[in-house]
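J.: Sharing a structure, written as structure tokens. Questions coming.
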Amino acid sequence: MTDQAERRERGTARLAELGDHPGGEAFLERMGEPMASWLVDWVFGDVHSRGGLSARERELIILALLTGLGSSDPQVAAHIEALRAIDVPDADIEETILQTAPYTGIPRAINALKVLRTEQGR
């Protein structure tokens with residue numbers, strides 16, 4: 001198997017583990033090329049599937065970073081769904097968001113909590 005095929009396989013497997021969040025065929029189709037390939041091959045095939053951290057740890061870090069960046073509600077929602085797909089309790093997701101408040105600001109944490117609450121009430 002070629003390195004490119006291995007990257008694609010690792011990326012596809014990681015996305016499947018996360019319940020196809022934040023990816024999925026429809027999402028990747030909307031992104032088009034080259035973004036779809038970058039997401040599957042590089043983000044999930046290389047970066048997200050590296051050794052050392054679990055999928056849970058990686059997703060909680062990503063959630064914290066997206067919360068801190070602000071203006072990332074769709075990505076926050078997708079990564080909340082990914083965390084739920086790997087059975088991370090909402091209490092842990094909420095705590096991760098709350099931990100960002102002193103470092104990135106109350107308004108950004110509130111926005112991410114609103115996303116979490118919206119996703120809880122689906």
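Derivation of every value follows stated rules applied to the coordinates shown; laboratory data play no part. Keep in mind that this is a model prediction, so the values were computed, not measured. Positions of Cβ are backbone-derived with ideal geometry, glycine not excepted, and every protein chain shown enters the neighbour counts.
J.: Only Lys, Arg, Asp and Glu count, each charged at its Cβ (+1, +1, -1, -1), so figure out the dipole size of the chain about its Cα centre, rounded to 20 debye. It would help to have the intermediate numbers written out before the result.
T.: Details: 13 positive and 20 negative charges, 63 e Å.
So the magnitude is around 300 debye.
J.: Can you pull out the trypsin sites (Lys or Arg not before Pro) in the range 39-113 that DSSP calls coil and that have at most 13 other Cβ atoms within 10 Å?
T.: Details: sites: Arg50, Arg56, Arg58, Arg84, Arg108; in loops: Arg50.
The qualifying sites are Arg50.
J.: In addition: In the chain, with Lys and Arg counted as +1 and Asp and Glu as -1 at Cβ, which of these residues, Phe44, Tyr103, Leu63, has the Cα nearest the positive end of the dipole, that is, farthest along it?
T.: Among Phe44, Tyr103, Leu63, the one farthest towards the positive end of the dipole of the chain is Tyr103.
J.: Starting with the fewest neighbours, write out Ile61, Ile80, Ile93 ranked by other beta-carbon atoms found within 10 Å of each beta-carbon.
T.: Details: Ile61 13, Ile80 27, Ile93 23.
So the ranking, lowest neighbour count to highest, is Ile61, Ile93, Ile80.
J.: On full extension of the chain, what length is gained from Arg50 through Ile110, given 0.36 nm per residue of separation minus the C-alpha to C-alpha distance?
T.: Details: separation 60, 0.36 × 60 = 21.60 nm, distance 3.12 nm.
Gain in length upon complete extension: 18.5 nm.
J.: Any chance you could check the Cα centroid distance between the range 83-122 and the range 8-46 for me, in angstrom?
T.: Using only Cα atoms, the two centres lie 23 Å from each other.
J.: Which one is right for this structure if P(r) over Cα pairs in 10 Å bins from 0, in percent is calculated from it: [x] 12, 33, 30, 16, 6, 2, 0; [y] 13, 48, 33, 6, 0; [z] 14, 44, 32, 10, 1?
T.: Among [x] 12, 33, 30, 16, 6, 2, 0; [y] 13, 48, 33, 6, 0; [z] 14, 44, 32, 10, 1, the one derived from this structure is [z].
J.: I've got another one for you. Stretched out fully, how many nm does the piece from Phe27 to Glu6 gain, at 0.36 nm a residue minus the Cα gap? Please list the in-between numbers first.
T.: Working: separation 21, 0.36 × 21 = 7.56 nm, distance 2.16 nm.
That pair, Phe27 and Glu6, stretches by 5.4 nm at full extension.
J.: Report the charge-dipole magnitude of the range 53-122 in Debye, nearest 20, computed about the Cα centre from +1 at each Lys and Arg Cβ and -1 at each Asp and Glu Cβ. Don't skip to the end; give the middle numbers.
T.: On the way: 7 positive and 10 negative charges, 42 e Å.
The calculation lands at about 200 debye.
J.: Points 7 angstrom from Cα along the Cβ direction at Glu119 and Glu17: gap in nanometres?
T.: Spacing of the two 7 Å Cα→Cβ label points: 1.8 nm.
J.: Using alpha-carbon pairs under 8 Å, 6+ residues apart, how would you state the relative contact order of the range 53-122 in percent? Before the final figure, lay out the partial values.
T.: On the way: 62 pairs, mean separation 27.4, N = 70.
Answer for the range 53-122 is 39 percent.
J.: Also: Can you give the calculated 222 nm mean residue ellipticity of the chain, where each DSSP H run of n ≥ 4 adds -39,500 (n - 2.57) and the sum is split over every residue, rounded to the nearest 500 deg cm²/dmol?
T.: Dividing the helical sum by the residues of the chain leaves -21000 deg cm²/dmol.
J.: Moving to a separate point now. I need to check one value: relative contact order of the chain, counting alpha carbon pairs closer than 8 Å and at least 6 residues apart, in percent.
T.: Working: 126 pairs, mean separation 33.2, N = 122.
Relative contact order here is 27 percent.
J.: Work out the charge dipole of the chain with +1 on the Cβ of Lys and Arg and -1 on the Cβ of Asp and Glu about the Cα centre, then indicate which of Pro74, Thr12, Pro22 is farthest towards its positive end.
T.: Pro74
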